[in-house]
Every structure is written in structure tokens, then in C-alpha cells.
1. Counting other beta carbons within 10 Å of each Cβ, put 159, 130, 258 in order, fewest first.
2. May I ask you to compute the full-extension gain from residue 78 to residue 107, defined as 0.36 nm times their residue separation minus their alpha-carbon distance, rounded to one decimal in nm?
3. At R0 = 35 Å, how high is the FRET efficiency between residue 192 and residue 325 if r is their beta carbon distance? Nearest 0.05 is fine.
4. Rounded to two decimals, what is the ratio between the C-alpha radius of gyration of the stretch 215-337 and 2.2 N^0.38 Å?
5. Per 5 Å bin, what is the whole-percent P(r) computed from every C-alpha pair distance within the stretch 293-337?
6. List the equivalent ellipsoid semi-axes of the stretch 24-125 in whole Å, largest first, each obtained as the square root of 5λ for an eigenvalue λ of the Cα gyration tensor.
7. Quick one: which residues, 5+ away or cross-chain, put their amide H under 5 Å from the amide H of residue 288? H built at 1.01 Å from N.
8. Kindly provide the helix-only [θ] at 222 nm of the chain, computed as the sum of -39,500 (n - 2.57) over DSSP H runs of four or more divided by all residues, to the nearest 500 deg cm²/dmol?
Amino acid sequence: MRFLAIDLEACNKYIKGSVFSIGVVLADENFNILYKEDILVNPHCKFNTNFKKPIHFSVTPEDVKNAPDLKDVYDKLLNLFAGDTVIMAHSANNDMFMLNEACKRAHLPPFNFRFICTQMIYSAVYDVMIGIGLDKAVEDLHITFNHHKADDDAEMALIILKKCCQTFGKKYLELEKSLGITRGKTYNYTYEPMQCAELDKLRQKHKKESKNHVKELKQEIKKINGTCVNVDARSFEMVKQGSGKYLICSLDSKSRKIQANDEIYAVKSTGKKDVYKVIVEEVSHYSNLLALYQGINRSIIGAKSESELEFLKRVYSTIDETKSTCKGICLFKVNKE
């Protein structure tokens with residue numbers, strides 16, 4: 001048995017399958033690396049890297065200008081994918097989508113193989129319910145690497161799987177059985193995602209816990225007549241998940257009275273209703289949403305990669321500045337209770 005970790009990088013957000021870099025790392029059954037390469041491919045299109053989350057690639061347009069076409073490396077990839085090989089990628093569905101689209105675009109036959117997703121396996125082993133990115137997973141394992149260099153990303157996926165096996169004290173096939181993994185499958189220019197029974201159990205467990213917690217909070221709010229504030233859904237999720245500390249809401253008669261050290265109940269205003277209890281650290285007022293967007297570090301409210309129009313469109317679903325009750329925008333810096 002061998003392991004093959006892969007990672008694909010695409011260069012144009014408007015062109016499906018604009019793959020220019022395919023990282024491959026081959027290892028033996030004990031995770032000893034046998035072969036590592038960043039296979040550069042000429043994407044035959046311009047680089048347009050203004051993705052929703054900005055990406056800084058280590059490979060430049062000049063690097064791939066004279067690179068081979070995908071058809072020229074197709075057989076090499078076909079040989080790597082063959083045999084008794086556990087093929088993996090982190091957030092594998094994205095890589096399988098790009099691989100299929102690249103083959104379609106190049107008029108090449110589709111690849112047919114089974115694969116696993118190290119993002120899902122990491123989540124099942126370490127009980128992580130958010131789709132954890134490669135950089136964050138590796139950071140938690142105290143490893144440094146060159147993110148978005150395809151062969152380095154592929155190697156990190158391999159290291160994550162190795163670490164998961166060590167945590168369980170099992171060989172991979174034993175881990176696969178313990179977690180109830182059904183490998184994904186790519187075929188005929190499409191794919192079926194990997195399934196993980198243990199991760200599904202954990203998600204159901206946390207879903208039930210979250211539902212019960214919200215129920216308890218609602219009872220508590222009713223009992224003590226607590227202060228509830230409707231807040232922007234993205235800032236709510238960032239605070240709840242621990243990746244943010246700021247909440248956006250409309251400045252009205254209720255929110256104007258809230259001060260530092262007050263305990264409030266943040267209510268997610270769009271999507272599935274949710275409530276979260278927080279303590280206010282700081283309060284800032286802005287005349288309107290545009291003033292907020294232009295006046296702060298946008299990453300703290302999840303708007304780093306959004307244009308003014310995208311930000312306004314998103315937050316207007318929560319805050320309607322045309323309402324007579326809206327006297328501006330309130331930004332709370334909060335801590336979990």
C-alpha cells in the first residue's frame with residue numbers, strides 16, 4: 001500500500017479547470033516520502049486571483065508560460081493514481097472538482113479513482129465541527145510550511161493523516177475502519193464525496209447540544225428579561241466559532257443603551273435562528289454601514305475580501321438603514337460569557 005497526497009491550484013476564478021500547479025507527494029505505508037513534485041501546467045489563460053479569499057501563489061504566470069500542457073503530464077498522473085494507493089487531499093472535493101474540470105477543458109479522459117479527505121478525517125479525530133483549512137490544521141500541529149505551493153500543501157495533507165493515525169494509535173486501514181470511512185470516488189468528470197460515519201455522529205451530537213443550549217438561553221432570556229440584539233449573521237458565526245470578537249447591529253434605542261461589561265444575547269438575524277450569550281467589552285457607533293466599512297480593519301467583521309457593494313448587500317439583509325428606528329450602526333467587541 002502507498003499514500004498519494006495531491007493538491008491542485010487554479011489561477012482564474014472565472015475559468016473552471018484553470019489548473020496551473022499539481023502537487024503530488026508519494027509515500028510508503030509508514031508515511032516515508034518516496035517522491036515529491038510540483039507539476040507545473042500551462043493553464044492557457046490569464047491569472048485572475050481575486051478570489052473571495054485572496055490567495056498569494058508561489059508560482060507566477062512567467063513560471064508556467066512555457067510549462068507543458070495537461071495532456072503532456074496526463075500519463076504521469078495516471079501512473080501515480082494507479083495501484084494499491086490511498087489518494088488524499090485536504091478539502092478533497094475542491095481538488096476533485098478542479099481535476100475533473102481541467103480534464104474536460106483539455107479534452108482528456110476523466111480520472112477514475114477513490115480518495116479520502118484529510119479535512120474530514122482531522123475533524124473526526126479532533127472533534128472539529130468547522131471545515132478547518134489546511135493552514136489552521138497545520139498550525140494546530142505546530143508545523144510551518146509554504147501555503148499554496150501545491151507540493152507543500154500536498155505534503156501537509158500527508159502529515160495530517162499521519163498525525164491522525166498516531167493520535168488513534170492505529171495504522172491507516174484500522175483508522176479507516178474505526179471512523180467508518182467510505183472513500184470518495186471520482187469518475188466520468190464528476191465525484192462522490194467521502195463519507196465518515198464517526199464525523200456524522202459527532203455533528204449530530206453537536207447539533208443536538210446546540211439546539212438544547214439555544215432552548216436554555218431562550219428560557220433564561222424570558223426569565224430575566226435579558227437584552228437581545230439582532231446581529232449580522234457572519235459576525236455572529238465568527239464570534240460563536242471563536243474566529244472573531246465583533247458583532248454588527250443597528251443602532252437604535254435598545255442598542256444605544258448597551259455599555260461595556262453588559263451581558264447581552266446576540267441573535268443571528270438571518271438563516272437558521274441561533275442565540276449566543278456574550279459580554280460586551282467595547283461599543284463603537286458609526287453613522288452608517290459605509291462609514292463602518294471604511295473606518296475599521298475589515299477582517300475583524302469578515303469583510304476583508306468583500307467590496308463595498310458586497311458588504312452592503314450582505315449586511316442590509318440584517319440592517320435596513322432606511323427604517324426610522326435605525327440611527328446608525330453599532331459595533332460591539334465582545335467576549336464569550
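Bear in mind these aren't lab numbers, they're just calculated from the coordinates by the rules spelled out. It should be emphasised that the depicted structure is a prediction, and the values quoted were computed from it without experimental measurement. Here Cβ is always computed from backbone atoms with ideal geometry, including for glycine, and neighbour counts include all displayed protein chains.
1. The fewest-first ordering by Cβ neighbours comes to 130, 258, 159.
2. On the way: separation 29, 0.36 × 29 = 10.44 nm, distance 1.53 nm.
Result: 8.9 nm gained on full extension.
3. Taking R0 as 35 Å, the efficiency between residue 192 and residue 325 is 0.10.
4. That ratio works out to 0.99.
5. It works out to 5, 17, 26, 25, 16, 9, 2, in whole percents.
6. Details: eigenvalues 116, 69, 43 Å².
Output for the stretch 24-125: semi-axes of 24, 19, 15 Å.
7. 329
8. -11500 deg cm²/dmol
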